[in-house]
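See structure below.
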Amino acid sequence: APGTSIPPSSRCWHRGIPREPGARWLETGCQSCTCQGGRVLCDAVSCSIPCSHPLPAPAGGCCPTCSGCLHEGVARAEGDVFSPSDGNCTVCVCLAGNVSCLSPECPPGSCPSPSLADCCSCAPEKCHFRGRTYAHGARFSLDGDDCTTCVCQGGEVECSFTPCPVLDCPQHQRHLGPGQCCSTCRDPPAPAGCFLDDNGVEFPVGQIWSPGDPCELCICQADGSVSCQRTDCVETCPYPIRIPGQCCPDCSAGCTYMGRIFSNNETFPSALDPCLSCICLVR
């Protein structure tokens, strides 16, 4: 009641600290102590753990916590999904300090799918194909066809063709040889002549022609190339005659006089003096 005092005999002294009657406190080592009638009574802290995989008590605490999970010595956070070290495809989840694990149902004998073969002790199903039996994962070719590769996957056979490279030659130059899976490009045929892009004329191999200049001659080579060479004129005379279409002037055909051509021994009046008569003499 107000105004009353607690008898000194009811207080407790513990390690030099006064404690009121009925007081409770926590001592080192997770000891729970109380003051009763001047005496200090201590007991070990009793922890109620409502989960299967509690985490160790945090620093300064005495009781484990269920705000996570401790599984196989590894702390897991709330909601973590993990697989145990020897789980064989087992999946576990941490929920409120409890660890729940699920394992795949393994059928007896052969596995219905290749993925179960990695998790279960069952053997993957073999493939029966064209009278032969192949183990799971086996690769083989069709009879007489090395261009097709097949693989056995959990009782099913999947076949695919050998991929071929992209060819950069036209269709008529492609060739598929015996025993080959992919076509190859043939060597282009040897040129049968020379094709000139400027005028669209094709000359056979060995053909000789003049490209427009009578002093230049060209020949079509066997490899389809064109070789040209100019003609050097060595004959000279005082009055050469140039005949259209010929490269070199002709000194034996006659004479040229004032732009006109006269044959050998031909006489003609002089253009400067009508009383003079001229004659062409080839020497």
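Okay, here's what the table says:
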item	result
All positions within the range 251-270 that are at pLDDT below 85 and either among the aliphatic types (A, V, I, L, M) or not in a loop (DSSP other than H, G, I, E, B) (or both)	Ala253, Cys255, Thr256, Tyr257, Met258, Arg260, Ile261, Phe262
Residues located in the range 99-122, provided they are modelled with pLDDT of 70 or more, of a type in the set (Gly, Ala, Ser) and exposed (fewer than 13 other Cβ atoms within 10 Å of the Cβ)	Ser100
Count of residues meeting criterion [in contact with a Leu (Cβ under 9 Å, 6 or more places away or on another chain) and open to solvent by less than 70 Å² (accessible area, probe 1.4 Å)] in the range 125-148	1
Test: Pro21 is surrounded by 11 or more Cβ atoms within 10 Å (Cβ to Cβ), within 20 Å of Leu102 (Cβ to Cβ) and of a type outside the set (Val, Ile, Thr)	no
Subset of the range 160-177 that is open to solvent by 70 Å² or more (accessible area, probe 1.4 Å) and in a strand (DSSP E or B) - its residue that is farthest from Lys126 (Cα to Cα)	Arg174
Qualifying positions in the range 24-67 - open to solvent by less than 70 Å² (accessible area, probe 1.4 Å), in contact with a Pro (Cβ under 8 Å, 6 or more places away or on another chain) and within 30 Å of Cys94 (Cβ to Cβ)	Cys47, Pro54, Leu55, Ala57, Pro64, Thr65, Cys66
Neighbours by Cβ (under 8 Å, 6+ apart or cross-chain): first from the range 82-105, closer than 17 Å to His53 by Cα and assigned to a loop (DSSP other than H, G, I, E, B); second among the small types (Gly, Ala, Ser) and open to solvent by 30 Å² or more (accessible area, probe 1.4 Å)	Gly97/Ser52; Gly97/Ser67
Positions within the range 75-94 being open to solvent by 50 Å² or more (accessible area, probe 1.4 Å), out of contact with any Gly (no Cβ under 7 Å at 6 or more places or on another chain) and at pLDDT 90 or above, in sequence order	Asp80, Val81
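The values are calculated or read from the model by the stated rules, or taken from the named source; none is laboratory data. Owing to the predicted nature of the structure, the values given are computational and were not obtained by experimental measurement. Reconstructed Cβ throughout: ideal geometry from the backbone, glycine too, with neighbour counts over all protein chains shown. When the accessible area is computed, the model is the full protein with side chains, heavy atoms only, and any ligands, DNA or RNA have been set aside. Shrake-Rupley method; radii C 1.70, N 1.55, O 1.52, S 1.80 Å.
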